[in-house]
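**Student:** Just passing along the structure, written as structure tokens.
Quick note: the coordinates plus some simple rules give every number you see, no bench work behind them. Note that this is a predicted model, so its numbers are computed, not measured. Using ideal geometry, Cβ is built from the backbone for each residue, glycine included, and neighbour counts are taken over all protein chains shown.
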Amino acid sequence: MVHRRIFLPVLIVSFFAASFGIVSALLYSNSKNTEIAFGHELQSVAQAIAKDIEPQEYYSLFFNKNGELRDLQTAPSSPVFEKYKTKLMQFRKTFDRLNLQHDNLYTFIVPPDLQTQSLYWGIMTHSVPFTGETYKATKTIRNVIENKVAAFSGIYLSTASNKEWVSGYAPIVYQNKVIGVVEVAREVSEVIQESEKNIILPIAISLGIILLFLIALVVILYFAKGLEQKNAELKIAFERINLSETLYRHLFNSGSNIHFALNEKLEMISTNTAFSREFRFSCDSKTHQSFLDLLKNLTPESQAQSILNTGFTESSIRALKRAGQKFEFTSTLVSGATNEAKDFQIIIEKVQDAGEVAFLGKAISLGESMVAGLLARQKAKYVLQNSLVHTEHLASHLATLARKFLSEDKSIVLRIVLREMLINAVEHGNLEISFDEKTEAMIKDEYFDMLELRKTSPVYSDRKVIIDSLISAEMIAFRITDEGKGFDHKGMLEKLQNESNETSHGRGIVMTVAEFDVVRYNAKGNSVTLVLHLKKH
């Protein structure tokens, strides 16, 4: 590290050197910008005047038919001269912001010999014009004549007034020859002085920034030792993070638990060994498969069952993407290891600031519960809020209890049917969403927005679904009652059984009728009793 006795004087010298350089650069830049801005404006005014001069009249005023110069001293007495002198004076009023005086706006006459270095004064607004007197052409004017294009000069010092001027020029062209040049001149000393006043603030700000930079540099050097210590601590922290990542990967890929990771689009981006072993599936590093499509592929072949499973899962995951942090649901999937349908509890959690990973999930196989295996008879009553998530949990719970008296396949179907009937009680009963309303909303992909709106409405938010259940060796029975207005269940059943249903909803009722021995609605249509006699099966 450089010793402070040497470093601080170097800083002071650097500060003054930088300050002088910045001030000089800003002053030069300001002067140059002013010159260019005025030059362009004066050039535009000269072009406007040249455009307003009729070339043939200008030619006839100063040249004869043979192309030779007339007696130029007699030109001011011509009506044409007076006409254009008046126009020049009108232009002075038009551009009054430039504060043009009588000696700021005039024309020159270009003699037939374009190689000459001398021009002649032309139309002037002076009280006594000196038309016809010679004028030594500047380099800028010669370029205008040779190239036939407008231009402007840089700032120059007038020998007559001993002041700084800028001029704009435009050619007067007749028969493809330049016969005259319009000049608009402007004294700019006062303008430059005013612009230099305006640059004081930028200079002060620049110097302040440099000073702050130097102070910050001193402070940084003063605390350099502390920063080195922090860097050492940061290095240790990174080493710990790398160790944690190594441990995470070890836990993710080891053991019997099934883990997977999803991105924001719900695409599979990572699976562990247990997932690949159970479902005979591993992620393609180039093409990520949709998680919902994977569920469809792993669901048993029954098309109705597949649609019901996926429809519920899709609605649940959409809710998770919007606001939730964690969601659990049960899904029936075909194990690639045994080729048998099994129930899995799937848990998905949203993660923050994890790069490509947006959701982490795991799947747990649901074997027969030991407590459910002790069940002899159960009669219970449940109260369900307007939650599709709770319908899944309750349907899984009841199906688990009934597994004591049913086969594995029957208990899976029971869970699906119960879930759909509970969903119907919430959606079509308590929330009063009609079959046609749901169909139209799902086609427009607006169904979940409509569902959330109904659930939060004061009209529906306090409604509940009452479930009475009886599970025994003789029968399995449920009564599901909602607080809605009811519906025409006879007409709905007839419609679903006799018509082709292309939608993913409404099939739950058809499956229920096929699976239960008794499906009986009350007269109002807001309560249904389901009975399955086990002795017959």
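**Student:** Hey, with R₀ at 45 Å, roughly what FRET efficiency would Ser290 and Ile36 work out to, going by the Cβ-Cβ distance, to 0.05?
**Tutor:** Values: r = 60 Å, r/R0 = 1.34.
The formula returns an efficiency of 0.15 here.
**Student:** Compute the projected area of the convex hull of the Cα atoms of the range 45-151, averaged over all viewing directions, and report it in nm² to one decimal place.
**Tutor:** Average of the hull's projected areas for the range 45-151 equals 6.8 nm².
**Student:** Moving on. Collect residues whose amide H, placed 1.01 Å from N in the peptide plane, falls under 5 Å from the amide H of Tyr120; neighbours closer than 5 in sequence don't count.
**Tutor:** Correct list: Ile109, Tyr135.
**Student:** Find out how many positive minus negative residues lie around Val128, taking Lys and Arg as positive, Asp and Glu as negative, among other residues whose Cβ is under 15 Å from that of Val128.
**Tutor:** -2
**Student:** Restricting things to alpha carbons, find the Rg to Rh ratio for the range 429-469 using the Kirkwood radius for Rh.
**Tutor:** Result for the range 429-469 is an Rg/Rh of 1.05.
**Student:** Here's another thing I want to ask about it. Rounded, prolate or oblate: which fits the range 374-425, taking a ≥ b ≥ c as square roots of the Cα gyration tensor eigenvalues, rounded meaning a/c under 1.5, else prolate when a/b beats b/c?
**Tutor:** oblate
**Student:** While we're here: Long-range amide H contacts for Gly180: which residues qualify at under 5 Å (H placed 1.01 Å from N, peptide plane, sequence gap of 5 or more or a different chain)?
**Tutor:** For Gly180, the qualifying residues are Val110, Ile172.
**Student:** Within the range 518-537, whose backbone N sits under 14 Å from a point 7 Å along Cα→Cβ of Ile466?
**Tutor:** 522, 526-529
**Student:** Sort the following peptides by mean Cβ neighbour count (other Cβ atoms within 10 Å, averaged over residues), highest first: 177-185, 430-438.
**Tutor:** 177-185, 430-438
**Student:** Compute the distance in nm between two label points, each set 7 Å from the Cα along the Cα-to-Cβ direction, one at Val513 and one at Asp96.
**Tutor:** Here the answer is 9.2 nm between the modelled labels.
**Student:** Okay, next question. Could you tell me which of rounded, prolate or oblate describes the range 111-172, using a ≥ b ≥ c as the square roots of the eigenvalues of the alpha-carbon gyration tensor, with rounded for a/c under 1.5 and, failing that, prolate when a/b is larger than b/c and oblate otherwise?
**Tutor:** Oblate, since a/c reaches 1.5 and b/c is not below a/b.
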